[in-house]
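The values are calculated or read from the model by the stated rules, or taken from the named source; none is laboratory data. Owing to the predicted nature of the structure, the values given are computational and were not obtained by experimental measurement. Every residue, glycine among them, receives a Cβ derived from its backbone with ideal geometry; neighbour counts consider all protein chains shown. Just so you know, the surface numbers come from the protein's heavy atoms only, side chains and all, with ligands and any DNA or RNA stripped out. Shrake-Rupley method; radii C 1.70, N 1.55, O 1.52, S 1.80 Å.
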Amino acid sequence: MAEKFLNYIGGEWVEPSTGEWYENRNPANWDEVIGLFPRSNEEDVNRAVAAAKEAYKEWRLVPAPQRGKIMQKIGDLLVENKEDIARDMTREMGKVILETRGDTQEAIDTAYYGAGESRRLFAPFVPSELPNKFAFTMRVPLGVAGLITPWNFPSAIPAWKMFPAIVSGNTVVIKPATDTPYTVLKLAKIMEEAGLPPGVVNVVFGSGSKVGIPLVEHPDTSIISFTGSVDVGKDIAERAGRYLKKVSLELGGKNAVMIMDDANLELALNGVLWGAFGTTGQRCTATSRLLVQEGVYDKFIDMLVDAAQNLKLGNGLDESVDVGPLINKGQVNTVHSYVEIGKSEGAKLLCGGEPATEGELEKGWFYKPTVFADVSPDMRIFQEEIFGPVLSVSKFKTFEEGAALLNNSAYGLSSAIYTENLLYAMRAARDFEAGITYVNAPTIGAECHLPFGGVKNTGNGHREGGWTVYEIFTDWKTVYVDFSGRLQRAQIDDAE
Ligand code: UN1
């Protein structure tokens with residue numbers, strides 16, 4: 001019998017009020033049950049928000065560097081448990097062990113960055129226009145943060161939302177993705193062990209409709225941070241907008257790599273394979289469009305198809321495997337329906353295009369790395385996020401034409417150019433409509449201490465990661481101190 005896990009509310013591990021649990025299975029092998037996780041509802045959300053609200057009274061007053069010390073300890077415990085977290089993450093999410101170690105490392109980096117940031121949280125001291133008067137600013141926490149996280153980065157994304165939120169003095173209620181609850185549960189245990197006071201972080205497992213929406217609409221959550229699809233992001237923004245809540249959204253991408261004739265093609269090939277098929281294409285930052293200049297188009301496509309067909313699929317715990325399964329059956333269906341759409345639109349299917357079911361793969365949600373050539377911008381496979389191992393390749397003649405193709409997208413998260421020419425690299429940095437541009441590197445692999453996010457439908461203007469995430473999880477307070485002992489009227493007593 002699989003282990004039954006519990007919600008974490010007010011420092012206690014508690015059963016869901018529904019008395020119901022759901023199964024979490026390994027996407028590489030359906031026979032393996034990771035555990036049973038609570039199917040919670042609004043009542044559990046209400047309890048968790050009440051616990052977070054109560055804990056906030058004291059937590060906001062804890063000096064930020066003290067909060068940072070706990071963050072340091074969380075980082076140390078994550079280091080100690082890195083391999084164990086990574087192995088279980090591969091079991092529940094499917095991506096290969098090399099990548100789940102990276103996912104855990106991203107949480108470690110974020111914890112240590114937060115520990116350092118706790119001693120800064122800089123806020124300017126500004127001269128007043130009047131004599132004997134000071135003006136300074138402070139960063140103040142917002143209150144209870146409601147966090148809704150996806151399954152593709154089971155530890156990194158929850159960490160990059162929770163850690164800055166709590167370093168800033170907020171308390172948190174998190175709803176992890178239903179496909180990857182176990183990793184967040186393990187993070188919560190580590191935070192508890194590191195000495196985080198009860199109620200500072202609360203975890204409520206369950207669905208978007210039963211847990212996510214009540215969290216967004218709860219009058220006591222002051223900020224909502226969500227990473228996921230555009231449709232859900234818009235719904236959250238609408239609901240939260242009615243309460244005038246702060247909302248930070250990290251949504252989809254349709255990221256392109258542009259390869260110029262002068263590029264180092266071996267380097268570009270490795271970058272494209274890693275960007276397109278790493279995490280089985282299930283990253284917001286995944287390379288899903290490839291734009292190749294006409295002089296190297298045929299040659300590069302041959303290299304690409306040859307390499308893509310040689311990627312090894314399998315259980316991600318096997319160190320020799322390159323590509324793990326998709327997260328669930330729904331994702332296999334979505335990916336496959338896009339392959340059918342691509343074919344019917346007239347794109348040329350060069351490899352893949354079907355689920356992989358040979359031998360042991362039969363028991364998991366595996367899909368063959370897929371490449372379409374001769375894709376044009378009017379095709380849906382050029383425009384829509386697929387979130388799977390499907391790469392659409394298009395040809396261009398000049399830099400301008402390539403950049404226009406790259407920018408022909410409703411999304412704008414990540415982008416890349418491969419070239420040996422500094423002029424093209426600089427123009428890409430300036431002209432690509434994306435939150436992130438890489439030069440001679442793949443579209444994936446953002447580092448935790450830099451702003452992360454995008455333009456257009458990729459989000460609503462916030463940047464999680466780096467110092468900019470602290471803008472999201474704090475408000476500004478402006479303080480004026482008049483020590484003149486008399487009434488001084490700004491804009492009047494100092495007027496010419
Ligand atoms: C995501 O897919 O939502 O830059 C996040 C990257 C990772 C984060 C991806 N560090 O690919």
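Tell me which residues, restricted to the range 389-413, are within 21 Å of the chain's Cα centre (by Cα) and surrounded by fewer than 22 Cβ atoms within 10 Å (Cβ to Cβ).
Correct list: 410 only.
Can you name the residue in the range 244-280 that is free of Cβ contacts under 8 Å to residues at least 40 places away in the same chain and under 19 Å from residue 461 (Cα atoms) and, of all such residues, is least open to solvent (accessible area, probe 1.4 Å)?
The extreme case among them is 245.
Would you be able to say whether some residue in the range 185-192 is crowded, with 24+ Cβ neighbours inside 10 Å and either in the same structural domain as residue 19 (by TED's automatic domain parsing) or free of Cβ contacts under 8 Å to residues at least 60 places away in the same chain (or both)?
yes
Just to check your reading of the model, which residue among 241, 233 is open to solvent by less than 50 Å² (accessible area, probe 1.4 Å) and under 19 Å from the mean Cα position of the chain (by Cα)?
Answer to the check: 233.
Can you pull out the residues in the range 465-493 that are over 38 Å from the mean Cα position of the chain (by Cα), surrounded by fewer than 16 Cβ atoms within 10 Å (Cβ to Cβ) and assigned to a loop (DSSP other than H, G, I, E, B)?
Across the range 465-493, the qualifying residues are 483, 484, 485, 486, 487, 489, 490, 491, 492, 493.
If we only count strands (runs of 3 or more DSSP E) wholly inside the range 1-106, which ones have 1 or more residues that are loosely packed, with under 15 Cβ neighbours inside 10 Å?
So the answer is 12-14, 21-26, 29-38.
Filter the range 240-263 down to the residues that are more than 16 Å from the ligand (Cβ to nearest atom), in contact with a Gly (Cβ under 7 Å, 6 or more places away or on another chain) and of a type in the set (Asp, Glu) and list them by number.
The one that is more than 16 Å from the ligand (Cβ to nearest atom), in contact with a Gly (Cβ under 7 Å, 6 or more places away or on another chain) and of a type in the set (Asp, Glu): 261.
Please verify whether residue 151 is within 16 Å of the ligand (Cβ to nearest atom), part of a helix (DSSP H, G or I) and of a type outside the set (Gly, Ala, Ser), treating the condition exactly as stated.
No.
From 429, 441, 446, 416, which residue is in contact (Cβ under 8 Å) with a residue 12 or more places away in the chain and surrounded by fewer than 19 Cβ atoms within 10 Å (Cβ to Cβ)?
441
Would you be able to say whether some residue in the range 130-142 is touching a helix residue (DSSP H, G or I) at 6+ places or on another chain (Cβ under 9 Å), outside any loop (DSSP other than H, G, I, E, B) and more than 16 Å from the ligand (Cβ to nearest atom)?
yes
Here is a list: 392, 415, 409. Which entry is within 16 Å of the ligand (Cβ to nearest atom) and farther than 30 Å from residue 120 by Cβ?
Answer to the selection: 415.
Give the residues of the range 119-129 that are outside any loop (DSSP other than H, G, I, E, B) and open to solvent by 70 Å² or more (accessible area, probe 1.4 Å), sorted by residue number.
125, 127
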